[in-house]
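Q: Quick one: the structure is below, questions incoming.
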Amino acid sequence: CHTSELRGAFATGEDAAPDENATGSTTTSIVLTNKGSRTCTIGGFPGVDLTSENGGERWSLARSSAKFSSITLNPGDSTDFKLNLLMTKEDEGFYQPAHVEVTPPNETTSLNLNWPWGTLVKQDGATHPGTFVNPIG
């Protein structure tokens, strides 16, 4: 699936959105929908970059060690992937995203989403960060 054929959005169901007042580990899902007129296949890890306000500091999320496969999407079909998040209410060592750039596997252009929640523990240099991306599907 090419970026131009996809629409991205944060899942908003009760089980999909993290608790805005949470601290610690939680998850959210990003839904990718085939808005094109043809069937396409997608699989693997999307690139996910968080950016601060005005495109400032960029944080490229690490990938989990999960295995993945490919999924075929008919026009109008959707799939998703989870982001593991390490939320915080602290004033030090935090990162406040403003935007999320999602680059589908094997693509070079991104879908841009507004970040709807609070701050994350800043672990952009960690070996095993608490905020990371899982594969599609």
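The values are calculated or read from the model by the stated rules, or taken from the named source; none is laboratory data. These numbers were taken from a predicted model, which means no experiment stands behind them. Heads up, the Cβs are rebuilt from the backbone with ideal geometry, glycines too, and the neighbour counts pull from every protein chain shown. We work out accessible area using only protein heavy atoms, side chains counted, and drop any ligands, DNA or RNA first. Shrake-Rupley method; radii C 1.70, N 1.55, O 1.52, S 1.80 Å.
Q: Which listed residue (SER69, PRO46, TRP115) has the Cα farthest towards the positive end of the charge dipole for the stretch 45-118, taking +1 on Lys and Arg C-beta and -1 on Asp and Glu C-beta about the Cα centre?
A: The Cα lying farthest towards the positive end belongs to SER69.
Q: A further question on this structure: Could you look at the chain and say what percent of its accessible area is carbon and sulfur, using a 1.4 Å probe and all protein chains?
A: About 43 percent, which is the carbon plus sulfur part of the accessible surface.
Q: Could you order GLU107, GLU5 by accessible surface area, starting with the largest, using a probe radius of 1.4 Å?
A: Solvent-accessible surface, decreasing: GLU107, GLU5.
Q: In addition: Would you indicate which of (1) 14.7, 48; (2) 17.6, 51; (3) 19.0, 55 is the value of Rg and Dmax of the Cα atoms in Å derived from the coordinates of this structure?
A: Structure-derived value, by its label: (1).
Q: Rounded to the nearest 20 Debye, what is the dipole magnitude of the chain about its Cα centre when Lys and Arg each give +1 and Asp and Glu each give -1 at the C-beta?
A: Value, rounded to 20: 540 debye.
Q: Next up: I need the peptides 118-128, 24-34 ranked by packing, meaning the mean over residues of other C-beta atoms within 10 angstrom, with the highest value on top.
A: My ranking of the peptides, most packed first, is 24-34, 118-128.
Q: How would you rank 76-83, 87-94, 35-42, highest first, on the average number of other Cβ atoms within 10 Å across their residues?
A: Averaged packing, sorted descending, gives the order 76-83, 35-42, 87-94.
Q: Less than 14 Å Cβ to Cβ from LEU111, Lys/Arg counted +1 and Asp/Glu -1: what total charge do the surrounding residues give?
A: Value of the local net charge: -3.
Q: Quick one: accessible area per residue over the chain, 1.4 Å probe, rounded to a whole number of Å²?
A: That works out to 53 Å² for each residue.
Q: A further question on this structure: Each label point is 7 Å from the Cα along the Cα-to-Cβ direction; what then is the distance between the points at ASP77 and GLN96, in nm?
A: The two pseudo-label positions are separated by 4.1 nm.
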